[in-house]
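The values are calculated or read from the model by the stated rules, or taken from the named source; none is laboratory data. Note that this is a predicted model, so its numbers are computed, not measured. As a convention, Cβ positions derive from the backbone with ideal geometry for all residues, glycine included, and neighbour counts pool all protein chains shown. Each accessible area value is taken on the protein alone, full model and side chains, heavy atoms only, with ligands, DNA and RNA left out. Shrake-Rupley method; radii C 1.70, N 1.55, O 1.52, S 1.80 Å.
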Amino acid sequence: MEIIYVYTRKRSEFGRPCSFSDRPAKVNVDIPPDPSMASDFVLRNPVDSYVQHTSDMSEHEVNTERVEVESRGVNHVEGGWPKDINPQEVEQTIRFRKKVEKDEHYINTITHLGTLMEHCVKQNNAINIYEEYFGEEEVAEVEDEPPSAKTINVIRDPNITKRTATHLSWHPDTCKKLAVAYSSLEFQQNTKDMSFDSYIWDLENPNKPELVLKPSSPLVSLEYNPKDSHVLVGGCYNGQMAYWDTRKGGLPVEVSTVEVSHRDPVYGAIWLQSKTGTECFSASTDGQVLWWDIRKLSEPTETLVLDVTRKGLLENALGAVTLEFEPTMPTKFMVGTEQGIVIACNRKAKTPPEKITSTYSGHHGPVYALARNPFYPKIFLTVGDWTARIWSEETKESSIMWTKYHLSYLTDGCWSTVRPAVFFTTRSDGTLDVWDFLFKQNDPSLSLKVCDEPLSSLRLQDNGCVVGCGSKLGTVTLLEISSGLCTLQRNEKTLATAVRVLWAASRCLRLKERARSEAQETEVEEKPVESPHEVLNRARREFFEVIEVELQRRAQAETQRLPSLFQVKDCVGEEAAAQGEESQLLKDKEEEEEEKDAAKEP
């Protein structure tokens, strides 16, 4: 190709940097104003102007140095053998051991090391390397801290139409997840746009539920399986039972049929201690307790009618509002009813009437909460009407301790999982009360106004430090309790035996009253039973005795009246004698006058 033009430049000028210099301003064009253009000027009215009145901000980003993590492992195998010895051959290893054990150097080394090892073993046995030397001082600091609680999280119902948070359940493995059952329990208050959904919340991301549970009817109760944290069981408002596997999504894996389910809302659903980890039981206000196996929800495995007359009649059954089960007592469970009666049951009884072992009556309304003390299972807590009561399983006549009557209704309660003397109650005025009966008996140790609407549910974490409170409008408030209320105090278990002391004292009083009443009954029984003829004779005798007493009284009254009558008779006789004398004088005078008249006549 022919080159038309060639540019040439020195090699030293290639890539030379530009050099700039300062110089004064220079006017290139000057346009003077034109007055004739003023007539074309248009006045703007109004004039909008904008002012940005904010402080200057600067954005900085810092990327920390990335830490590279590498996993390594060590595979320990039998070693120390010579190269010519195969450790897998038993004969070669035995022959080599016998050879080494005869070596004098080996014997001297083992003797020397054995002395050192014996010294170390004795030293470990003599000293507890895990001993805490300053535990008492730390406890003293905890005791001085005043009771308090702070809100750490608030979870709200994401639906427009708010529903009540009826039940809470913490994740059994990590306390960072919370399952909440939402339902409206007010009669005929369910609207068409009201959602049936319940949720599982991740506390690290409370703005959006981690999983949406979609039942066929609103959930009233919801519980995690303690053996399998992916499985939950729920009791519905229409009485059905359902269970979910979080690995399979929000739809229930299986739902019980309406024909074999409860007739009323399922207020209690609890997992049982079983080898398979698939058994649970439920209770409802229809008066039934049903046992289920989630592998086959087509029908309940067992049924119990809560008829305290032990006739097994469903029309006489008491409606269940709450259910209690202690894993350490696998055959026993308790039911709180609408009528304020707590029914203690034994599942392993031979006949259904024998399954109802005893009853406890002490509330004027439904028993909304029922829980055994985790340290003393024979002591249990009930919450109903305006009080919370502590009972002993062996004292059925009355509770051994109770709170004062509050102005507002109590809605739920539970024991502390770490302190045997602490329990929690919620009220319908939105207040959470924390009671420590070793510190105060008449008033709660801490009262906290959680919200303005009524509190409906309560659940404590296993560590005892965080409590969740559900409200009527579906708001779940998570509160962190101060360390003084969630740390086992010094000698608290010893002091907590005051419950047993109170129970023993109350039992002694009950026995004394019972002995006194029995003595009175025996006295009444010792009196001979009278026949009808004897009763008639005794009544006749008593009647005549009364008549005789009345006659004697009248005779005494007559004798007191006789002297006055004699005095009246004497007065009358004297008057009559005086009148006779006067009449005789008058007759004598008349006769004298007649004689005088006769003498005058011829």
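For segment 59-67, the criterion of being open to solvent by less than 100 Å² (accessible area, probe 1.4 Å) and over 30 Å from Lys99 (Cα atoms) is met by no residue. The strands (runs of 3 or more DSSP E) located wholly in segment 209-270 that include 3 or more residues which are in contact with a Gly (Cβ under 6 Å, 6 or more places away or on another chain), of a type outside the set (S, T, N, Q) and buried (at least 18 other Cβ atoms within 10 Å of the Cβ) occupy 219-224.
No other residue among Leu272, Leu306, Leu314 is more than 19 Å from Pro218 (Cβ to Cβ), of a type outside the set (Phe, Trp, Tyr) and in contact with a Cys (Cβ under 7 Å, 6 or more places away or on another chain) apart from Leu272.
Could you tell me whether segment 371-378 includes any residue that is over 23 Å from Glu397 (Cβ atoms), open to solvent by 10 Å² or more (accessible area, probe 1.4 Å) and either out of contact with any Gly (no Cβ under 9 Å at 6 or more places or on another chain) or in contact (Cβ under 8 Å) with a residue 12 or more places away in the chain (or both)? Reasoning before the result, please.
So the first thing to find is which residues in segment 371-378 are over 23 Å from Glu397 (Cβ atoms), and the list is 374-375.
If we keep only those that are open to solvent by 10 Å² or more (accessible area, probe 1.4 Å) as well, we get 374-375.
Among the residues that remain, those that are also either out of contact with any Gly (no Cβ under 9 Å at 6 or more places or on another chain) or in contact (Cβ under 8 Å) with a residue 12 or more places away in the chain (or both) are: 374-375.
Within segment 371-378, one or more residues are over 23 Å from Glu397 (Cβ atoms), open to solvent by 10 Å² or more (accessible area, probe 1.4 Å) and either out of contact with any Gly (no Cβ under 9 Å at 6 or more places or on another chain) or in contact (Cβ under 8 Å) with a residue 12 or more places away in the chain (or both).
Just so you know, in segment 72-116 the residues that are under 60 Å from the mean Cα position of the chain (by Cα) and of a type in the set (A, V, I, L, M, F, W, C) include one that is least open to solvent (accessible area, probe 1.4 Å), and it is Leu116.
Mind checking whether some residue in segment 160-171 is of a type in the set (Lys, Arg), touching a Gly at 6+ places or on another chain (Cβ under 6 Å) and in a loop (DSSP other than H, G, I, E, B)? Show your work before the answer.
Initially, segment 160-171 is screened for residues of a type in the set (Lys, Arg), giving 162-163.
Subsequent filtering for residues that are touching a Gly at 6+ places or on another chain (Cβ under 6 Å) retains 162-163.
Next cut, in a loop (DSSP other than H, G, I, E, B) only: 162-163.
Scanning segment 160-171, I find at least one residue that is of a type in the set (Lys, Arg), touching a Gly at 6+ places or on another chain (Cβ under 6 Å) and in a loop (DSSP other than H, G, I, E, B), so the answer is yes.
Of note, Phe333 satisfies the criterion of being within 21 Å of Cys414 (Cβ to Cβ) and open to solvent by less than 30 Å² (accessible area, probe 1.4 Å).
For segment 438-449, the set of residues classified as in a loop (DSSP other than H, G, I, E, B), touching a strand residue (DSSP E or B) at 6+ places or on another chain (Cβ under 8 Å) and free of Cβ contacts under 8 Å to residues at least 60 places away in the same chain consists of Gln441, Pro444, listed by residue number. Considering only residues in segment 404-419 that are buried (at least 22 other Cβ atoms within 10 Å of the Cβ) and in a loop (DSSP other than H, G, I, E, B), the one that is nearest to the chain's Cα centre (by Cα) turns out to be Ser416. Selection within segment 420-430: residues that are within 24 Å of Thr475 (Cβ to Cβ) and not in a strand (DSSP E or B). The member of this set that is least open to solvent (accessible area, probe 1.4 Å) is Gly430.
All conditions in (1) outside any strand (DSSP E or B); (2) open to solvent by 10 Å² or more (accessible area, probe 1.4 Å) hold for Gly365, with the sole exception of (2). Scan segment 339-360 and tell me whether some residue there is open to solvent by 80 Å² or more (accessible area, probe 1.4 Å), part of a loop (DSSP other than H, G, I, E, B) and within 16 Å of Ala283 (Cα to Cα). Yes: one or more hits.
For segment 105-138, what are the residues that are of a type in the set (Asp, Glu) and at pLDDT 85 or above?
Of the residues in segment 105-138, the ones of a type in the set (Asp, Glu) are 118, 131-132, 136-138.
Correct list: Glu118 only.
Only one of (1) open to solvent by 40 Å² or more (accessible area, probe 1.4 Å); (2) assigned to a strand (DSSP E or B) is not met by Thr276, so which one is it? That leaves (2) as the condition not met. Evaluate the following for Asp433: is it of a type outside the set (S, T, N, Q), farther than 15 Å from Gly336 by Cβ and part of a strand (DSSP E or B)? Yes; evaluated as a whole, the condition is true for this residue. For segment 477-495, state whether one or more residues are in a strand (DSSP E or B), under 14 Å from the mean Cα position of the chain (by Cα) and surrounded by fewer than 22 Cβ atoms within 10 Å (Cβ to Cβ). The answer is no, given that none of the residues of segment 477-495 is in a strand (DSSP E or B), under 14 Å from the mean Cα position of the chain (by Cα) and surrounded by fewer than 22 Cβ atoms within 10 Å (Cβ to Cβ). When segment 453-475 is examined, which residues are found to be of a type in the set (A, V, I, L, M), open to solvent by 10 Å² or more (accessible area, probe 1.4 Å) and closer than 17 Å to Ala371 by Cβ? Hits for segment 453-475 are Leu458, Leu460. Within segment 279-314, track down each residue that is part of a loop (DSSP other than H, G, I, E, B) and in contact with a Gly (Cβ under 9 Å, 6 or more places away or on another chain). Passing the criteria: Thr285, Asp286, Gly287, Leu306, Asp307. Looking for whichever is part of a loop (DSSP other than H, G, I, E, B) and at pLDDT 80 or above here; the options are Val69, Val42. Which one fits? Of Val69, Val42, the one residue that is part of a loop (DSSP other than H, G, I, E, B) and at pLDDT 80 or above is Val42. Screening Leu318 against (1) in a loop (DSSP other than H, G, I, E, B); (2) modelled with pLDDT under 85 leaves a single unmet condition, (2). Scanning segment 379-403 for residues that are more than 25 Å from Asp429 (Cα to Cα), in a loop (DSSP other than H, G, I, E, B), open to solvent by less than 20 Å² (accessible area, probe 1.4 Å) and in contact with a strand residue (DSSP E or B) (Cβ under 6 Å, 6 or more places away or on another chain) yields a count of 1. Taking the stated definitions as given, is Thr411 under 17 Å from Phe333 (Cα atoms), modelled with pLDDT of 85 or more and hydroxyl-bearing (Ser, Thr, Tyr)? So Thr411 fails the test. Among the residues of segment 422-448, the ones that are within 14 Å of the chain's Cα centre (by Cα) and among the small types (Gly, Ala, Ser) come to 1 in all.
Do we have Lys177 as closer than 21 Å to Ser229 by Cα, exposed (fewer than 13 other Cβ atoms within 10 Å of the Cβ) and either touching a residue at least 12 places away in the same chain (Cβ under 8 Å) or touching an Asp or Glu at 6+ places or on another chain (Cβ under 9 Å) (or both) here?
Details: closer than 21 Å to Ser229 by Cα: yes; exposed (fewer than 13 other Cβ atoms within 10 Å of the Cβ): no; either touching a residue at least 12 places away in the same chain (Cβ under 8 Å) or touching an Asp or Glu at 6+ places or on another chain (Cβ under 9 Å) (or both): yes.
No.
Would it be correct to say that Lys332 is closer than 21 Å to Leu272 by Cα and either in contact with a helix residue (DSSP H, G or I) (Cβ under 8 Å, 6 or more places away or on another chain) or free of Cβ contacts under 8 Å to residues at least 40 places away in the same chain (or both)? Give the derivation first.
Details: closer than 21 Å to Leu272 by Cα: yes; either in contact with a helix residue (DSSP H, G or I) (Cβ under 8 Å, 6 or more places away or on another chain) or free of Cβ contacts under 8 Å to residues at least 40 places away in the same chain (or both): yes.
Criteria met by Lys332.
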